[in-house]
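The values are calculated or read from the model by the stated rules, or taken from the named source; none is laboratory data. The shown structure was predicted, so the numbers you read here are calculated from the model rather than taken from an experiment. Ideal geometry is used to build each Cβ from the backbone, glycine not excepted, and the neighbour counts take in all protein chains shown. When the accessible area is computed, the model is the full protein with side chains, heavy atoms only, and any ligands, DNA or RNA have been set aside. Shrake-Rupley method; radii C 1.70, N 1.55, O 1.52, S 1.80 Å.
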Amino acid sequence: MTRTPSMEDYLEQIFTLIKEKGYARVADIAEALEVHPSSVTKMIQKLDKSEYLKYEKYRGFVLTPKGKKLGKRLVDRHAILEEFLRLIGVPEGDVVADVEGMEHHVGPETLSALSDLVQFLKEDPKRLAAFREFRARNEEERGEGGAEGGAGAETDVDDGPGAGRPEADDGIGAASGSAGAQAGADQRGGVGAGERANA
């Protein structure tokens, strides 16, 4: 079964809950991802078939070594992207939404490069200070130039077939197939609107 952005979201959340609480219940996952419990149960069954966890009806589930390995990579990927965006001065209010939109489309090599860049900037405060001064000057110039000319215009994100990446074994790149459409479903980056709990 091809891994989808939605599957990654669930695995990331399950791994995080188990790390924080020692267990992950259907109700906890549903609350964290803002989906209906029945959607969680269906996804857990899919993850079981893909051998990311072992599920027994009425008895709960545990992550397999394969699930733990991927879960950790997904959590690490999320953390690297968050740290990178904060480091370069992205407003806090945009960080979470932007990470959710980016994480399913970042390949392993790109993520490795971003991780190295974060380390490079943190190792010498002068580098980071120089970048922030450079960015501040650009922001000031853009502000003086006004909004005309498209400097601050929003652009549409292409979520078409070319937006996804093929799946690598336990890799952290985006999934293939309908990944782009699912990631664009909402800012969860893969938890589709159809899974949302009815109001």
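Just to confirm a number: summing +1 for Lys and Arg and -1 for Asp and Glu over residues other than E92 whose beta-carbon lies under 12 angstrom from that of E92, what do you get?
-2
What is the dipole size for the range 1-119, taken about its Cα centre, with +1 at each Lys and Arg Cβ and -1 at each Asp and Glu Cβ, in debye to the nearest 20?
Charge dipole, the range 1-119, about its Cα centre: 920 debye, nearest 20.
On average, how much accessible surface per residue is there in the range 37-110, in Å², for a 1.4 Å probe, leaving out ligands, DNA and RNA?
Ligands and nucleic acids excluded, the result is 54 Å² per residue.
Out of the range 1-42, which chymotrypsin sites (Phe, Trp or Tyr not before Pro) are coil in DSSP terms and have no more than 16 other C-beta atoms within 10 Å?
Qualifying residues, ordered by number: Y23.
So, taking all protein chains as they sit and a 1.4 Å probe, how much accessible area belongs to E141, in Å² rounded to tens?
About 110 Å², rounded to the nearest 10.
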